[in-house]
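**Student:** Sharing a structure here in structure tokens format.
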Amino acid sequence: MKFLRVKNITMQFGGLLAVDNLSFHVDKGEIVSLIGPNGAGKTTVFNVLTGVYKVTAGSMEFKGEKLEGKTPQEIVALGISRTFQNPRLFPKMRVIENVLIGTHIRTKYNFFDGLLRTKRFQYEEAEKTVRAIKILESIGLYEYMNSYAGSLPYGAQRKLEIARAMATDAELLLLDEPAAGMNPTETEELLRFIRELRDRGFTILLIEHDMKVVMNISDRIYVLDHGKLIAHGTPNEIVNNQRVIEAYLGGERKHAKN
Amino acid sequence: MEAFLVAIINGLALGMAYALIAVGYSMVFGVLRLINFSHGTIYAFGAYMVYFFVSLKFGLFPAILLSIISSGLLALLIDKVALEPLRKKESIPIATLITTVGVSFIIQNFLSIEYIFTSEKKGFPSLNLFGSIIIGNITIQSSQIIMFFVAIVLLAILTFLVNKTKLGLAMRATEQNIKAAKLMGIDVNSVISFTFFIGGASAAIAGALISGYYQIISPTMGSLIGLKAFSAAVVGGIGVLYGSVVGGLVVGVSECIAAQYLGSNVRDPMAFVILIIILLIKPTGLFGKKGISKV
Amino acid sequence: MNKTNIGKNSLLYNLEHFFDRYKVIFAVVFGIAAFSVPFLGLSRVTLRLLTMISLYTMLGMGLNVLIGYTGQVSLGHAGFYAIGAYVCALLQVDAGWSFWPALLAGGIFSAFVGFLLGLPSMRLSGTYLSIVTLGFGEVVLMILKQWESVTYGNYGIRNIPKPKLFGFTFDLQNGGFYIIILVLTILTGIFCTLIRNSKTGRAFLAIKEDEFAAIMMGINTSKYKILAFVISAFITGIAGGFYSVINNGYIEPTNFTFNISVLMLSVVIVGGLGTIRGMVCGAALLILFPEVFRFLQQWRFVIYGVLLVLMMQFRPQGILGWQSTLPYRLTKQTRKELEKLNLLPDEVKTPKAQGRGEYEIFKG
């Protein structure tokens, strides 16, 4: 049983075919990247996986469970969490609260527990808050804990999104262009951080344009163009693939360091 | 059977007048994606302006004309003074909503003030200009005929304006994509101002027509009618001009039929009931298009 | 552009931290002052003003749960106010109930209606929802006027008895009304704070900030939006029940018009959206204003409208609606655990002011 298996999915919006008969899989503990020119349908794949769109055709399975037809909340509960191309934080809430929102789905106490401050509330609230702070510390945002998310510098915001996704206790993280807008130093840090995430047991599916990141960190790469899969393999295989080079011609082409 | 016909006739006439108000909501929503809460009170303001000018011994038609102009200007003023600054600041949507609520509050209560018009109902000159037409047992008042045809003519003019003139083209462009319209050299702020003016003017005309039929005005008439016209706009598909016409007729006719067979108490909530139903079944209305937003 | 970068030595920062440090003392002082009011020999007028301020603070808090926490703007809250008032009054006048259970019943019934009104919120948002709430307010008003067999129509309900407890009758002069509403308001404040600082409150705020992101983080936003309606309606209903007994024993439909809905809205918006201190400020302002400017009585509501418009232009967050510079409040147990792990952020009490900080990553 594959950790994440996507079979022949098609996503059609009226006349627009955003994803065309796509199949791929991710094994537990892997870091897999989805790359391709802009508009290739990568974020649509994320949206389909997380239940934002109802897939037109095809099937998706995560840890043996069907994903089609599930609500986004159910999918988070299964263990898949994501970040966004442009950060969608809760800007007027503090950093710690943003991460605590991530823990919401695993927090079992109910409204009355909160109101009456029962033992259950005390225990879980402490447990989740400690966990959130630990995550912040590990990602380097500890000192921003009490800041408002909206006031964070861009790089920190992107990290906060990842922290929030981590807090959902996800096993599979979908990161949508995590390196966007980062300078080389930050990108290095991000690389290290993603590797560390993997070491800690997260499986990662990544959308990225920054080839340095993709080539250095991916176990496998899937290349999309116009919604179709045009190539797939290890970084080495991809970098020499003619179709991939053609697809990127005229668009961005970043050279990968081996 | 006759009762039914009477209800239909009443409903058609009333519905067209609602449509006149509904287009105001529709057009403003079209260009700004904003529901102008104060629109209903402009309708009331229009009716009161006619009353005011008539009491100053103006003739009925000059009074109506002046009311149209002043209502249009009021609507334009609201946009320029209260709404445009918020657009410039890129305020949160709640701010705009609250602003239009505040404006509606100002206008409605202004009309109620003791030495302005008081909160009492006032008699409005009848538009029953050439008596009634009697067909069998059915009486159709001329005020209804006027209401119906004036509204149709105006809506036709408006449709022509929007679809066949350069100005209308500018309006449609602004509706589609405000940034692109600006880049194409369209003075977007003028287009928006004009949209508000037209909305206010048509609301005033509706004010004259409906008040000429019922012959009563009161300061709070704006809220209820505003709600009904809003329902009409939503039913038809807010942002779609001909939708407002259909919506107006739907609301007008249902209201009259309900009043005929279920009693007059049901008349007013009817529009609200229709609104709820449409919002729950097809929020984009009968003719509205659903946009796909990128995530 | 955000304005949350408050320097460590700004006035706001110092003020807030000062009040926070001595909050127990301030609370005690306030408590003593507030509860001693009935014994100060104040005039009827003053007592009534204080009672109304407290009442509108409570109403503001109720509406705030909907607007300030989940971002759903209700323009028909007078409807819940009316439901609570009428249920409480009718149970006393027609069914002989005592005030206290009637009050609770009014709140519960109002909460149930809140649930019903909340249902459309699953599919609607923003202005559409607001219009529906407006319609709700109008429909309630209409029912009050038309359903004469139950509500006595325009005639209203008369001879509503004053609350009694163990032989003591609460009224205006003895400060009884004031004490009741004071207690109710304080309880409501505590209630709201407890909710705010729990998973429910966080979910509410997340919905307000970005509902889509909240969904993607696993929050059942429909459930929470409806819950907000229920809580808000409950609080407003209780306030309504209280109102029914303090108005010279008489309530009628015109006590619950759209104007009252907007008044409640103004308390929240003008005072400070989302904050409890804002509710007090807004209530005080809007209750005292017509007293101070009596000659402007006629123009009262026009001015409220102007106030709303001006606030949105120049200070949309409300007078006291600034973002707090105080650190996130940790529960005792959380502190204990963090201390054990040496992660207690005592040095980190202030939001990072500007620019990038240096930090160590991957501290293991």
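Bear in mind that the values in this text are calculations on the coordinates, not laboratory data. Here the structure is a predicted model, which is why all the values come from computation and not from measurement. Using ideal geometry, Cβ is built from the backbone for each residue, glycine included, and neighbour counts are taken over all protein chains shown.
**Student:** Using the Karplus curve 6.51 cos²θ - 1.76 cosθ + 1.60 with θ = phi - 60°, what ³J(HN,Hα) values do you get for each residue of segment C:79-85, in whole Hz, with x for Gly and Pro?
**Tutor:** Once rounded to whole Hz, the list reads x, 5, 4, 5, 4, x, 5.
**Student:** Where does chain C land at 222 nm, in deg cm²/dmol rounded to the nearest 500, when only DSSP H runs of n ≥ 4 count, each adding -39500 (n - 2.57), divided by all residues? Walk me through the numbers before you get to the answer.
**Tutor:** Details: 15 runs with 226 residues, N = 364.
So the helix-based figure for chain C works out to -20500 deg cm²/dmol.
**Student:** Tell me, B:T159, C:T185, A:T107 in order of fewest to most beta-carbon neighbours within 10 Å? Let's see the in-between values first.
**Tutor:** Numbers: B:T159 15, C:T185 27, A:T107 20.
The fewest-first ordering by Cβ neighbours comes to B:T159, A:T107, C:T185.
**Student:** Can you give the calculated 222 nm mean residue ellipticity of chain A, where each DSSP H run of n ≥ 4 adds -39,500 (n - 2.57) and the sum is split over every residue, rounded to the nearest 500 deg cm²/dmol?
**Tutor:** On the way: 10 runs with 100 residues, N = 258.
Helices in chain A give a 222 nm mean residue ellipticity of -11500 deg cm²/dmol.
**Student:** Report the paramagnetic label zone for B:T118: residues of segment C:244-275 whose backbone N is under 15 Å from a point 7 Å from Cα along the Cα-to-Cβ axis.
**Tutor:** Within reach of a label on B:T118, which here means backbone N under 15 Å from a point 7 Å along Cα→Cβ, segment C:244-275 contributes nothing.
**Student:** Then there is this: Nearest 10 degrees is fine. How inclined is helix B:188-214 to the longest principal axis of chain B, computing both from alpha carbons?
**Tutor:** 10 degrees
**Student:** Still on this structure, please answer the following. Report the relative contact order of chain A, percent, no decimals, based on alpha-carbon pairs under 8 angstrom and at least 6 residues apart. Numbers along the way, then the final one.
**Tutor:** Details: 477 pairs, mean separation 67.9, N = 258.
The normalised contact order for chain A reaches 26 percent.
**Student:** Next question, about the same structure. For the pairs A:K128/C:K208; A:K7/A:K134; A:K28/C:K225; A:K66/A:K119; A:K28/C:K336; A:K159/C:K225, flag any whose C-alpha to C-alpha distance is greater than 25 Å. Could the numbers behind the result be given before it?
**Tutor:** Values: A:K128/C:K208 22 Å; A:K7/A:K134 37 Å; A:K28/C:K225 37 Å; A:K66/A:K119 36 Å; A:K28/C:K336 36 Å; A:K159/C:K225 29 Å.
Exceeds cut-off: A:K7/A:K134; A:K28/C:K225; A:K66/A:K119; A:K28/C:K336; A:K159/C:K225.
**Student:** Taking only Cα atoms and a 10 Å spring cutoff, compute GNM fluctuations for chain B and point out the largest among B:G212, B:G222, B:G59.
**Tutor:** Between B:G212, B:G222, B:G59, it is B:G59 that shows the largest mean-square fluctuation.
**Student:** I'd like the FRET efficiency for A:K119 and C:L310, computed as 1/(1 + (r/R0)^6) with the beta carbon distance as r and R0 of 41 Å, rounded to 0.05. List each step's numbers first, then the result.
**Tutor:** Numbers: r = 48 Å, r/R0 = 1.18.
E(calc), rounded to 0.05, equals 0.25.
**Student:** Placing +1 at every Lys and Arg Cβ and -1 at every Asp and Glu Cβ, with all other atoms neutral, what dipole size does chain B have around its Cα centre, in debye to the nearest 20?
**Tutor:** That gives a dipole near 900 debye.
**Student:** Follow-up. Specify the angular offset, from 0 to 90 degrees and rounded to the nearest 10, of the alpha carbon long axis of helix C:300-314 from the longest principal axis of the alpha carbons in chain C.
**Tutor:** That helix lies at roughly 10 degrees to the long axis.
**Student:** Shifting gears a bit: Taking chain C as the reference, fit the longest principal axis to its C-alpha atoms, fit the long axis of helix C:23-36 to the helix C-alpha atoms, and give the angle between the two in degrees, 0 to 90, nearest 10.
**Tutor:** With both axes taken from Cα atoms, the answer is about 10 degrees.
**Student:** Could you run the Karplus curve 6.51 cos²θ - 1.76 cosθ + 1.60 with θ = phi - 60° over segment A:163-178 and give me ³J(HN,Hα) per residue in whole Hz, x for Gly and Pro?
**Tutor:** Here the 3J(HN,Hα) series is 4, 5, 5, 4, 5, 7, 6, 5, 9, 10, 9, 9, 9, 9, 6, x Hz.
**Student:** Cα centroids of segment C:12-33 and segment B:234-280: how far apart, whole angstrom?
**Tutor:** Cα centroid of segment C:12-33 versus Cα centroid of segment B:234-280: 55 Å apart.
**Student:** At a 10 Å Cβ-Cβ cut-off, how would you order A:K92, A:K228, fewest neighbours first? Before the final figure, lay out the partial values.
**Tutor:** Values: A:K92 18, A:K228 15.
Final ranking by Cβ density, sparse to dense: A:K228, A:K92.
**Student:** Right, another one. Return the whole-Å distance between the Cα centroid of segment A:131-164 and the Cα centroid of segment C:243-304.
**Tutor:** Between the Cα centres of segment A:131-164 and segment C:243-304 lies a distance of 41 Å.
**Student:** Let me ask you something else. Can you tell which of B:G237, B:G263, B:G226 shows the greatest fluctuation in a Gaussian network model of chain B with Cα springs below 10 Å?
**Tutor:** Among B:G237, B:G263, B:G226, the largest mean-square fluctuation in the Gaussian network model of chain B belongs to B:G263.
**Student:** Enumerate the calculated ³J(HN,Hα) couplings along segment A:153-161 in order (Karplus 6.51 cos²θ - 1.76 cosθ + 1.60, θ = phi - 60°), each rounded to whole Hz, writing x wherever the residue is Gly or Pro.
**Tutor:** x, 3, x, 5, 4, 4, 5, 4, 4
**Student:** Right, here's the next one. Please identify which residues in segment B:1-21 have an amide N closer than 19 Å to a label point set 7 Å out from the Cα of B:I133, following the Cα→Cβ vector.
**Tutor:** B:2-17
**Student:** With label points built 7 Å along Cα→Cβ from the Cα atoms of C:S98 and A:K54, find their separation and express it in nm.
**Tutor:** 5.5 nm
**Student:** Pull up the cross-link candidates among the aspartates and glutamates for A:K2, meaning alpha carbon to alpha carbon under 20 Å and not fewer than 8 places away within one chain.
**Tutor:** Straight-line reach from A:K2, under 20 Å: A:D27, A:E30, A:E61, A:E65, A:E68, A:E74, A:D169, A:E171, A:D199, A:D219.
**Student:** Sticking with this structure for a sec: Using Cα springs under 10 Å in a Gaussian network model of chain C, which residue among C:V93, C:V28, C:V309 shows the largest mean-square fluctuation?
**Tutor:** C:V28
**Student:** By the scheme Lys and Arg +1, Asp and Glu -1, what is the net charge of all other residues having a beta-carbon under 11 Å from that of A:D169?
**Tutor:** Numbers: positive: A:R106, A:K128, A:R131; negative: A:E171.
Local net charge: +2.
**Student:** Okay, moving on. Please state the Cα pair-distance histogram of chain A with 5 angstrom bins from zero: what percent is in each bin?
**Tutor:** 1, 6, 13, 16, 18, 16, 13, 9, 4, 2, 1, 0, 0
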